[in-house]
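> Please read through the structure below; I'll follow up with questions.
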Amino acid sequence: MTDQLDMLPIALHGFHLARQRYLNELAAGQPEEQLVIAAMEVIYWSCTLDEQLKDRNAWYRDTQEYGRSVMKGVRYARNQATHQLPVLIERRAGFQAPIVAPFRAEEIVWLPDDQLPEPGQKPGKGQRENYQLHLAGKPVRNTLNDIAAWFAAEQNRAGSLIAVQHWSAIGR
C-alpha cells in the first residue's frame, strides 16, 4: 500500500495542472460556464492539499500567514460549490490589475458573498470573512496565483510535508 504522504506532491501537481488549464482557458476567452469547471478543480485540489497539511503539521495549521488566510477564503468557496452549487464566478467589464497579456477589457471575478446562497452549514472559523477579504469581487486568476505562491513558499519551508526533497520519492 502506498504511504499517504506520497499523495501530497501528487495533489500539489494536480493543483498546478488544474491552474494551468484554467489560465489557458481564460486566455482562450472561454465563457464562464467553461471556466468555472477548471476554477472548481483548482480550488478542490488546493483545499485537499491544505486540509492534509493542516491536519498533519502544527506549524502549518497555526500559522497566521497571508496564504493561510487566502486558503480559508478558498475553503469557503469550495464548501459553497460543494453544498450549494452556485456558479461562484462572473465576467465583469473593465481592466483589473495586474494587467497581463493578452489584454482583456473584462475579467472573471469571484462573486460577492451577498450573491451566493446562504451556506448549508455554518462556515468554519474565518472562512466567510476571508472569502470577503481575499476573493469576493477579485479576479480568479489573482487568487490562483496567490495559492500557487503560498504552496511554493510551503515547499521551501524547512520541515514542510511538501518540501522539494519529497518529490524525489515519487515513482519509487
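The values are calculated or read from the model by the stated rules, or taken from the named source; none is laboratory data. It should be emphasised that the depicted structure is a prediction, and the values quoted were computed from it without experimental measurement. Every residue, glycine among them, receives a Cβ derived from its backbone with ideal geometry; neighbour counts consider all protein chains shown. The accessibility values were calculated without ligands, DNA or RNA, using every heavy atom of the protein model including side chains. Shrake-Rupley method; radii C 1.70, N 1.55, O 1.52, S 1.80 Å.
> What are the residues in the stretch 153-172 that are surrounded by 15 or more Cβ atoms within 10 Å (Cβ to Cβ), at pLDDT 90 or above, outside any loop (DSSP other than H, G, I, E, B) and out of contact with any Ser or Thr (no Cβ under 8 Å at 6 or more places or on another chain), if any?
Once the filter is applied, which keeps residues that are surrounded by 15 or more Cβ atoms within 10 Å (Cβ to Cβ), at pLDDT 90 or above, outside any loop (DSSP other than H, G, I, E, B) and out of contact with any Ser or Thr (no Cβ under 8 Å at 6 or more places or on another chain), the stretch 153-172 yields only GLN155.
> Any chance the stretch 62-74 includes a residue that's out of contact with any helix residue (DSSP H, G or I) (no Cβ under 9 Å at 6 or more places or on another chain), at pLDDT below 90, open to solvent by 80 Å² or more (accessible area, probe 1.4 Å) and not in a helix (DSSP H, G or I)?
no
> So is TYR22 within 19 Å of LYS138 (Cα to Cα) and in a helix (DSSP H, G or I) or not?
So TYR22 fits the description; yes.
> Let me spell it out: the conditions are (1) open to solvent by less than 20 Å² (accessible area, probe 1.4 Å); (2) touching a strand residue (DSSP E or B) at 6+ places or on another chain (Cβ under 7 Å), and ARG91 meets all of them except one. Which number is the exception?
Of everything listed in (1) open to solvent by less than 20 Å² (accessible area, probe 1.4 Å); (2) touching a strand residue (DSSP E or B) at 6+ places or on another chain (Cβ under 7 Å), ARG91 misses just condition (1).
> Tell me which residues, restricted to the stretch 97-120, are modelled with pLDDT of 85 or more and under 24 Å from GLY67 (Cα atoms). Quick ask: steps written out before the conclusion?
Here is the first cut: in the stretch 97-120, the ones modelled with pLDDT of 85 or more are 107-119.
Of everything in the stretch 97-120, those that are modelled with pLDDT of 85 or more and under 24 Å from GLY67 (Cα atoms) turn out to be GLU107, ILE108, VAL109, TRP110, LEU111, PRO112, ASP113, ASP114, LEU116, PRO119.
> Closer than 17 Å to ASN156 by Cα, touching a helix residue (DSSP H, G or I) at 6+ places or on another chain (Cβ under 9 Å) and not hydroxyl-bearing (Ser, Thr, Tyr): does that describe ASP55? Step through it out loud before you land on a result.
Working: closer than 17 Å to ASN156 by Cα: no; touching a helix residue (DSSP H, G or I) at 6+ places or on another chain (Cβ under 9 Å): yes; not hydroxyl-bearing (Ser, Thr, Tyr): yes.
No; evaluated as a whole, the condition is false for this residue.
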